[in-house]
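Accompanying notes for the structure given below.
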Amino acid sequence: MSDLAERVNAEEISVREATQLALGVLIAGHETTANMISLSVAALLEHPDQLAVIRDADDPKGPKVVAAAVEELMRYLSIIQTGQRRIAIEDIDVGGETIRAGEGIILDIAPANWDSRQFPDPDRLELRREDGAHVGFGYGRHQCVGQQLARMELQIVLPTLFRRVPTLRLAVPVDELPFKHDTLAYGVYELPVTW
C-alpha cells in the first residue's frame, strides 16, 4: 500500500487507480491465499515424504528450503486456471499457426507449470525441485502484485501448522474433497481434517 501511495504522490497513478489496486490486493489476496493454503495442506498430507521436507526445515538452510517448497507448491497446484484474453495487435506465429492482427486469443498460462520441457516429471510434487521458475503468479507485466505477501504467508503458515499439529490428517480421501471447479481461484470448499 505504501508503494501505491508513493506512486499517487509521484502522479504516476490516480487515487482511483490506487484504490482499485488496493482493493484487488485485499480481495484477490484473501481468496487465492486461502485456497493455496488449503490445497497445499491437502497435497502435503497426500505426500508425507514431501510434508517432512517442509515440516522439518529447521536447520540453518530452513528458510531457503521452505521458500523453495512454496515455489514448488505454486507450480504444482497452479490455482489460477483461467486464461488471459488478448487481441493480437499484429500477425504472430505460434507453434506453426498464424494469429492475425485483430484476432482474439486466450493465453492459458497455468499449463506452462506442467510443461515437461521445463519441469521433468511435472506431475510429481518435489519440494526440492530446482528446475526453473513457475508462472503461478503470472508473467511479465501481468504478475500478481501481491505475490510477495502470498509467499510470506505460505512460508509462515505451512511449517507452523505442521509443527504445531504433527498428527494432522485428511478426514476423507482426497478424491472426496469438494473442489472448486466453478470459481476463478481453484481450491476446495472445505478441508475436513482430524488430528
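If you go through the range 47-56 one residue at a time, do you hit one that is open to solvent by 40 Å² or more (accessible area, probe 1.4 Å), at pLDDT below 95 and at negative phi?
Among the residues of the range 47-56, at least one is open to solvent by 40 Å² or more (accessible area, probe 1.4 Å), at pLDDT below 95 and at negative phi, which makes the answer yes.
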Query raised in the report: Here is a list of conditions, (1) surrounded by 11 or more Cβ atoms within 10 Å (Cβ to Cβ); (2) under 22 Å from Ile54 (Cα atoms), and Asp121 meets all of them except one; can you say which number that is?
Result: (1)
Requested in this report: Determine if the range 80-102 includes at least one residue that is modelled with pLDDT of 85 or more and in contact with a Gly (Cβ under 6 Å, 6 or more places away or on another chain).
Outcome: yes
Query raised in the report: Of all residues in the range 130-171, which are charged (D, E, K, R) and over 16 Å from the mean Cα position of the chain (by Cα)?
Result: Glu130, Asp131, Arg141, Arg163, Arg164, Arg169
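Matching residues to (1) open to solvent by 80 Å² or more (accessible area, probe 1.4 Å); (2) modelled with pLDDT of 90 or more:
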residue	(1), (2)
Met1	yes, no
Arg7	yes, yes
Ala10	no, yes
Ser14	no, yes
Ala22	no, no
Ala34	no, yes
Ile37	no, yes
Ala42	no, yes
Report summary line: From the option list Leu154, Leu177, single residue qualifying as touching a Pro at 6+ places or on another chain (Cβ under 9 Å), closer than 24 Å to Arg55 by Cα and of a type outside the set (Gly, Ala, Ser) is Leu177
Requested in this report: Just give me the residues in the range 158-168 being more than 21 Å from Thr32 (Cα to Cα) and either surrounded by 11 or more Cβ atoms within 10 Å (Cβ to Cβ) or in contact with a Pro (Cβ under 8 Å, 6 or more places away or on another chain) (or both), in sequence order.
Outcome: Arg163, Val165, Leu168
Report task. List every residue pair whose Cβ atoms sit under 9 Å apart, with the two residues 6 or more apart in sequence or on different chains, where the first one lies in the range 184-195 and is without any contact (Cβ under 8 Å) to a residue 60 or more places away in the chain and farther than 16 Å from Arg169 by Cα and the second, anywhere, is assigned to a loop (DSSP other than H, G, I, E, B) and open to solvent by less than 40 Å² (accessible area, probe 1.4 Å). Result -> Tyr189/Leu177
Query raised in the report: Being on the phi > 0 side of the Ramachandran plot and either open to solvent by less than 30 Å² (accessible area, probe 1.4 Å) or among the aromatic types (Phe, Trp, Tyr) (or both), is that true of even one residue in the range 68-85?
Result: yes
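The values are calculated or read from the model by the stated rules, or taken from the named source; none is laboratory data. Just so it is clear, the model here is predicted, and its values are computed rather than measured. Positions of Cβ are generated from backbone atoms using ideal geometry, with glycine treated the same way; all protein chains shown enter the neighbour counts. Side chains included, ligands, DNA and RNA excluded: accessible areas come from the protein's heavy atoms. Shrake-Rupley method; radii C 1.70, N 1.55, O 1.52, S 1.80 Å.
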